[in-house]
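Inspection log for the structure reproduced underneath, given as structure tokens.
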Amino acid sequence: MLDGTSKPLLKVNNLKMHFPIYRGILKKQVGAVKAVDGISFDIMQGETLGLVGESGCGKSTAGRCVLRLYEVTDGNIELDGEDIADLTGPQLRAKRPEMQMIFQDPQASLNPRMTVGSIISEPLYEHRKMTKPERRARVDELMDAVGLARRFADRYPHEFSGGQRQRIGIARALALNPKFIVCDEPIAALDVSIQAQVVNLLEDLQEKLGLTYLFISHDLSMVRHLADRVAVMYLGKLVELGDSETLYTAPQHPYTQALLSAVPHPDPAKAGNIDRVILQGDVPSPANPPKGCNFCTRCPVATEICHKDEPEWRQIGEGHFAACHLIK
Amino acid sequence: MLNYTIRRLFFTIPTLLFISFVIFLILDMAPNDPTGNLPMTIPPEVRENIRKSLGLDAPMYVRYLLWCNQFFINEPLNLLYEWFDWCIGDCENRTRVRSWSTRSPVVDLIVERMPQTLWVVGMSYVVGILIALPIGVISAYKQYSWFDQIGTFISMIGFSVPTFFTGVLLIVIFSVWIDQDSWFWLPSIYDTTLVVDSWGNFWLQVRQMIMPVMVLALYNAAQLSRFMRASMLDNLSQDYVRTARAKGLKEKTVLLVHVLRNSMIPVVTVIALSVPQVFGGAIITEQIFRVNGLGQLLIIGIQGADIPLVQTLTFIFAVLIVLFNLVADILYGLLDPRIRYD
């Protein structure tokens, strides 16, 4: 999928998304939830970047920021050489066909009062000058591509199963031939047998259409299967980024190690030998992150410096980045 | 849907019969006397004879069955005779439900009063809806903005100040304080005899409708705009709205096609459920502005213990309420594809 010569399609630099907190009668701003607090990464053309982390760490917010579904607080998002972080209104809408999103909840993300056909064809109506039969033909084509029968086009979303609804969501995202798709936990709401189908469908489509994915998930084994490179996020910041193989076999950051040790092993005989790193306590509030390293409150190996200085995001191997004082 | 409608209509028959009986019982037990308004000099035996002539000496169930016969059989047959000239049975001497105080058939009285009520109260609903929907939509879209805050304040006022206060207040301002020659002066009495046959009379008609319509419209709009706002807020935070934005739709399309269409489902139901109130008239507002509509007819009937009039009018309101409940249910099914009745 990934060849060494490809150039980055998406460059994210120091992306920040702070949600203001208002208190009191006069609605004075008293602080901000730092959902995403300065993350940087690149995604190559045709690559899948996995973004993992526990719930509430800012993965989904990061994905939505990249697609400009939020007004970002700071940072650059370069899609295909153009900075989209500050675009608004019509300019931003014009970029929408190039980037799309597959949402987590396939039920809630489809308008209950629209038929599947009109859900899929609506972006065509908005962005392409297509006649009615052309739109109809494109809808049929897309429904074939995601494995839905064409005759379902006149039905409503609630008449489908979860897996089928996610296929509708995928067909909708593909309608305008996007280059880049953010998959925001697309399989989290599906049961395991359907998860495999949807993941295979995503892989097939990537191969056929040359898509680039940002795959957000908390399912580490699925990310290992799907992603070329993986970024690990904790409390609004990236803690480690590297290609899948290196990251899964030799994780460097203590948080990545803890996350990976939590993945159950398929062989019960071997499972007993694994050293589980069990994290104590809860994730601190993103409105009030700890001083120093964000992870220092729960890190099993934290030292004095970790409570004082913020670790720098630096290269620790070929294409391998991490933010930790203790990695040499 | 058709089967469902037919089944529901079938079930309304026992419901309505039961309601008519309950209304009859309540009126029978009420401590009022149709001869109570007559002069004190009339001796008790004469009063007794008057009661007898009204049929009040018969037992309650006989009176109820007689009313049923008059209302459910004779009145529809009479309508057929008057509208289509179809004569079934004795057309000339049929006993109809007659008002005790005016001696004219109740149905004729209702037909006489209906236009004023429909114009004034109906128009106030239309105006109320037209005011409420945009206010609700904008308040929700710009939640906590100054527009929303002012809208909330005004609807709280409209909601909590009764119409007998706003009505009288408007009369004081527009009919008393403002000079009669002024352009802004409005008549405080609704003139039913006005015939709209020229632009001048049309203008007079509009002017005499403004105050009663606005008093009621403010009250209705206050409720409806809160409802619209809540429904919009509910939908604005839904995931499919984010999907619509991600599709790259114009903000107007997102708001009006996706959010508004979904938000209208409960609002349309509420509007449909309040239609019977249009027919019921606005008793207080009609009284203040002297609109001789159905509400005023009812209040006169109650004051004079005109039992056939009150019974018939109340029963017709009950029929409308039951029917529009059905209409609301059917509309809900038509608007929301997730709801199917069959």
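The values are calculated or read from the model by the stated rules, or taken from the named source; none is laboratory data. Since this is a predicted model, take the numbers as computed values, not measurements. Cβ coordinates were reconstructed from backbone atoms using ideal geometry, including for glycine residues, and neighbour counts include every protein chain displayed. Surface accessibility is based on the protein's heavy atoms, side chains included, excluding ligands, DNA and RNA. Shrake-Rupley method; radii C 1.70, N 1.55, O 1.52, S 1.80 Å.
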The lysines whose Cα lies under 16 Å from the Cα of A:Lys291, excluding any fewer than 8 residues away in the same chain, are A:Lys34, A:Lys237, A:Lys308
How shielded is A:57-70 by partner chains, expressed as the average number of their Cβ atoms within 10 Å of its Cβ atoms?
1
Once the Cα atoms of helix B:123-141 and of chain B are each reduced to a long axis, what angle between those two axes, in degrees from 0 to 90 to the nearest 10, is obtained?
30 degrees
Could you state the number of Å between the C-alpha centres of region A:128-160 and region A:270-309?
48 Å
Placing each pseudo-label 7 Å from Cα in the direction of the beta carbon, A:Gln315 and B:Leu335 end up separated by a distance in nanometres of 6.1 nm
In debye, nearest 20, what is the charge dipole magnitude of chain A about its Cα centre with +1 on Lys and Arg Cβ and -1 on Asp and Glu Cβ, if you could check?
1120 debye
Amide N of region B:184-205 lying under 16 Å from the label point, which is placed 7 angstrom from the Cα of B:Val161 along Cα→Cβ:
none
Placing +1 at every Lys and Arg Cβ and -1 at every Asp and Glu Cβ, with all other atoms neutral, what dipole size does region B:57-167 have around its Cα centre, in debye to the nearest 20?
360 debye
On average, how many beta carbons from a partner chain sit within 10 Å of the beta carbon of a residue in A:110-120?
4
Checking the cross-link filter: which lysines have an alpha carbon closer than 19 Å to that of B:Lys250, excluding same-chain neighbours under 8 positions apart?
A:Lys95, A:Lys129, B:Lys142
For chain B, the longest principal axis of the Cα atoms and the Cα long axis of helix B:106-117 enclose an angle in degrees, to the nearest 10, of 30 degrees
Could you sort B:195-204, A:176-185 so that the peptide with the highest average Cβ count within 10 Å comes first and the rest follow in order?
A:176-185, B:195-204
When a/c reaches 1.5 or more, the comparison of a/b and b/c decides; with that in mind, is chain A rounded, prolate or oblate per its Cα gyration tensor?
prolate
Using a/c under 1.5 as the rounded threshold, could you call chain B rounded, prolate or oblate? The axes a ≥ b ≥ c are square roots of the C-alpha gyration tensor eigenvalues, and prolate needs a/b larger than b/c, oblate otherwise.
oblate
Calculate, for A:Asp144 and A:Asn76, the FRET efficiency according to 1/(1 + (r/R0)^6) with r their C-beta to C-beta distance and R0 45 Å; round to the nearest 0.05.
0.75
A:Gln280 to A:Gln197: extension gain in nm, 0.36 nm per residue of separation minus the Cα-Cα distance?
26.3 nm
Calculate the FRET efficiency for A:Tyr125 and B:Leu323 from the Cβ-Cβ distance with a Förster distance of 35 Å, rounded to the nearest 0.05.
0.35
I'd like the interface area for chains B and A: accessible area of each alone minus the complex, both sides summed, 1.4 Å probe, protein heavy atoms only. What is it in Å² to the nearest 100?
2200 Å²
Magnitude of the Cβ-charge dipole of region B:114-335, K/R +1 and D/E -1, about the Cα centre, nearest 20 debye?
920 debye
Please compute the per residue accessible area over the protein assembly as shown with all protein chains in place, 1.4 Å probe, rounded to a whole number of Å².
51 Å²
Dividing the mean separation of Cα pairs under 8 Å (6+ apart) by the residue count of chain A yields a relative contact order in percent of 19 percent
Please work out the Cα center distance from region B:85-135 to region B:193-252, rounded to the nearest Å.
26 Å
Net charge over other residues, Cβ less than 13 angstrom from the Cβ of B:Arg96 (K, R count +1; D, E count -1):
-2
Enter the mean number of other protein chain beta carbons within 10 Å of the beta carbon of each residue in B:236-244, as an integer.
6
Accessible carbon and sulfur surface of the protein assembly as shown relative to its total accessible area, %, 1.4 Å
61 percent
